[in-house]
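Throughout, read-outs are computed from the coordinates displayed, never taken from laboratory work. Just so it is clear, the structure is predicted and the values come from calculations on it, not from any experiment. We place every Cβ from the backbone using ideal geometry, glycine too, and count neighbours over all the protein chains shown.
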Amino acid sequence: MRGFSFKGRHCSEYGVIMRSKNRPILSGVNDSYLQIPGRHGTYLFGGELADRTIDLECAILAGSLPDLRSKFREISSWLYSPKRENLVFDDELDKYYLAKLDGQIDVEQARATGKFDLKFRCEPLAYGGDIENLFINDQVTVFNQGTYEALPLFQSTFIQPATEWRVNKATEYIRVVRGFAPGDVLEVNCATGAILLNSVRILESLDWQNSIFFAFPPGEHTLNIAPAGVCNTKIIYKPRWL
């Protein structure tokens, strides 16, 4: 039986039967259009992806009316959250949405049976689990299996002294100029723009005039670290789907 999990708990644990009502294949886009008098058509001002709304039809069968009311209390506690939580569907167990219940839950009740609709407001993208790859001889090839760009995190542990660190992707690179000693751990996060050395922020060491916090479009990408032989590096990224 198809169902879903929310906050790490499956709907079957609460006796909830799910039927997917609306799971959009693509979220909307916050585009703006401007009509100019005397001009055919409009000017398009492209926007960002909008939140995705997922609608589900659900039902529950109880042994008695008091039992039904008790189950409703359990379900309300399960579905409530002040923040977005992981929403996973049985037919896509390798992906999750960051979702929050939107609006109140109205129930259509007949004896010890209840029917209700759930509306989840989600971030526009679906996410996969973290993928880690090690640089071998200061080089790594990664494959973004998602359909949207992925934002990498680099973690380098220095084994030799160095005066800079640089990761290259084709013509783009991130360069940090700093005196590094063996045992130092550098973390560069392309999602947040954070640069940490031994857990302390060192954004002032970024070569900001030339560095780009790059992303990986879908497909294969090769990266390398310079200078060679001074650190052991791993890359962590999360595939995302439209």
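Taking the charge dipole of the chain about its Cα centre, with +1 at Lys and Arg Cβ atoms and -1 at Asp and Glu Cβ atoms, the residue from 49, 196, 232 reaching farthest to the positive side is 49. What's the whole-number percent of alpha carbon pairs in region 4-125 lying beyond 19 angstrom? When all Cα pairs of region 4-125 are counted, 55 percent exceed 19 Å. When the label point is put 7 Å from the Cα of residue 69 along its Cα-to-beta-carbon vector, which residues of region 97-139 have a backbone N closer than 18 Å? Only 106-115 pass the distance filter.
Farthest toward the positive end of the dipole of the chain, out of 8, 217, 158, is the Cα of 8, where the dipole comes from beta carbon charges about the Cα centre. Lysine pair count for region 4-125 (Cα-Cα distance under 18 Å; residues 8 or more apart in sequence or on different chains): 12.
Axis angle, to the nearest 10 degrees, between helix 65-79 and the longest C-alpha principal axis of the chain: 20 degrees. As a proxy for reagent exposure, ranking 190, 11 by other Cβ atoms within 10 Å from fewest up yields 190, 11. Entry note, the chain: the mean residue ellipticity at 222 nm calculated from DSSP H runs of n ≥ 4, each adding -39500 (n - 2.57), is -2000 deg cm²/dmol after division by the residues and rounding to the nearest 500. Computed from backbone phi with θ = phi - 60° and the Karplus coefficients 6.51, -1.76 and 1.60, the 3J(HN,Hα) list for region 18-28 is 10, 10, 5, 9, 7, 10, x, 7, 7, 6, x Hz; x is used for glycine and proline. Across region 69-205, Cα pairs under 8 Å and at least six residues apart give a relative contact order of 14 percent. Only Cα pairs under 8 Å and 6+ residues apart enter the sum, and on that basis the relative contact order of region 131-241 stands at 47 percent. Once the chain from residue 94 to residue 192 is taken as fully extended at 0.36 nm per residue, the excess over their C-alpha distance is 32.9 nm. When the Gaussian network model of the chain links Cα atoms closer than 10 Å, the mean-square fluctuations of 142, 176, 200 top out at 200. Assuming charge only on the beta carbon of Lys and Arg (+1) and of Asp and Glu (-1), the dipole of the chain about its Cα centre is about 600 debye to the nearest 20.
Relative to the Cα centre, the charge distribution of region 131-241, modelled as +1 at Lys and Arg Cβ and -1 at Asp and Glu Cβ, gives a dipole magnitude of about 120 debye.
Packing, taken as the mean count of other beta carbons within 10 Å per residue, orders the peptides 74-84, 156-166 from highest to lowest as 156-166, 74-84. Each other residue within a Cβ distance under 12 Å of residue 233 adds +1 if Lys or Arg and -1 if Asp or Glu, for a net charge of -1. Annotation for residue 33 and residue 111: the two label points, set 7 Å from Cα along the Cα-Cβ direction, are 5.2 nm apart. One chain, two ends: residue 134 and residue 222. Fully extended at 0.36 nm per residue, the span grows by 30.5 nm beyond their Cα-Cα distance. Remark: the residue 49-residue 147 segment gains 33.9 nm on full extension, using 0.36 nm per residue and subtracting the alpha carbon distance. Neighbour counts of other Cβ atoms within 10 Å put 221, 40, 10 in the fewest-to-most order 40, 10, 221.
Residues 17, 25, arranged from fewest to most other Cβ atoms within 10 angstrom of their Cβ, appear as 25, 17.
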